[in-house]
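Reading through the structure tokens given below for one structure.
We did not get these values from a lab; they are worked out from the coordinates using the rules stated. Because the structure is predicted, anything quoted here is derived from the model rather than measured. Virtual Cβ from ideal backbone geometry, glycine too; neighbours counted across all protein chains shown.
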Amino acid sequence: MQISLFTLEFNKLIMIFVKTTLNSYKKMKRICNFIIALMSVVCMPSHIAATEPIAKHVVFIGLDGWAANTFEQSNIPVLKKLASEGALSLSKRSVLPSASAINWASIFMGVPTEVHGYLQWGSKSPELTQPEGAVKEHGILPTIFQVARQQHPNANLALFAEWDGIKHLVDTLALNHFEEPKLEEMVSRSSEYIIRHKPELIAIVFDRPDHPGHDSGWGSPEYYEMMTKVDSYIGEIVDAVAKAGIYDQTVFVITGDHGGIDTRHGGTTMDEMLSPFIISGRGIKHAYKIPELIMSPDITPTIAHILGLIPDNIWTGRAPLSVFK
Ligand SMILES: [Zn+2]
């Protein structure tokens with residue numbers, strides 16, 4: 001009896017000891033976590049601080065060869081409605097040369113030609129040595145998809161590209177889904193995806209109106225006809241976003257890689273270098289004319305800002321902050 005009483009008291013003492021130790025361990029852990037959190041805030045340079053997300057979803061639509069000087073004359077009611085409900089610049093400037101791979105690389109990597117090193121319209125790999133240490137584990141400079149994947153590991157990220165050159169300019173390994181549909185299937189495939197997966201970021205890159213530009217000329221009737229067709233496709237994509245129930249949580253970012261003159265581009269005229277830039281949706285000012293200069297490398301930091309992602313240190317582009325409410 002006495003032994004069992006002693007055992008009882010001893011057990012109580014042990015329990016008190018364990019509880020006290022546990023409590024102080026928990027307290028210590030809490031204090032350590034607080035110090036670590038405080039240190040990370042204090043030590044984080046202000047230019048790489050994450051911001052509160054503007055929206056949960058971004059739909060990026062790229063139009064190859066979309067020239068700014070054709071915007072007003074075009075019969076593009078969907079794009080004009082998005083622009084009037086959101087913000088518009090008709091001075092989005094390409095990097096040089098004003099050609100496709102060079103500018104899509106800048107658009108997705110947030111850096112100019114001199115940094116990403118893709119120098120030809122159809123470059124599949126960089127022709128310049130890229131900055132030391134900048135190439136990430138997927139063998140490519142940090143794109144918007146890679147940064148979104150790192151910081152939001154469970155995010156659904158997708159890319160639909162009509163031109164088969166795009167896949168060399170993004171890290172497809174960071175994506176949940178990558179596809180190269182023909183023009184006729186671009187909308188049905190990407191719309192289905194939006195409705196089914198409600199992606200955090202989907203990029204839909206049309207290889208138009210570049211084709212009628214090269215065949216018949218920038219500003220030709222065929223060019224305007226194609227713009228009207230692409231506009232109706234974009235209307236279907238907007239409908240899919242509404243059907244998915246995420247319209248109120250989405251920002252649309254729409255631009256071109258370069259413009260064109262006669263039947264060519266790649267040169268230094270403003271006809272070739274300027275494209276429209278539209279940003280429209282949650283948290284974006286209405287009927288706003290964007291005063292900031294916007295260039296191809298600014299697209300990726302803009303998308304990052306909307307999604308509340310910390311920009312990669314190598315990105316030289318920046319979001320046009322005045323467009324946000
Ligand atoms: Zn192009």
By the mean-Cβ-within-10 Å protection proxy, highest first, 303-314, 258-269 rank as 303-314, 258-269
Which of the peptides 81-88, 240-247 is most tightly packed, and how do the rest follow, judged by the mean count of other Cβ atoms within 10 Å per residue? 81-88, 240-247
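From the Cα gyration tensor of region 138-247, with a ≥ b ≥ c the square roots of its eigenvalues, which class applies: rounded if a/c is under 1.5, or else prolate if a/b is larger than b/c, or else oblate?
It is oblate, given that a/c is not under 1.5 and a/b is not larger than b/c.
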Alpha carbon centroid spacing (whole Å) that separates region 201-259 from region 102-161: 22 Å
For the cross-link pairs LYS56/LYS285; LYS198/LYS289; LYS198/LYS285; LYS198/LYS243; LYS182/LYS229, which exceed 20 Å when the distance is taken from alpha carbon to alpha carbon? LYS198/LYS289; LYS198/LYS285
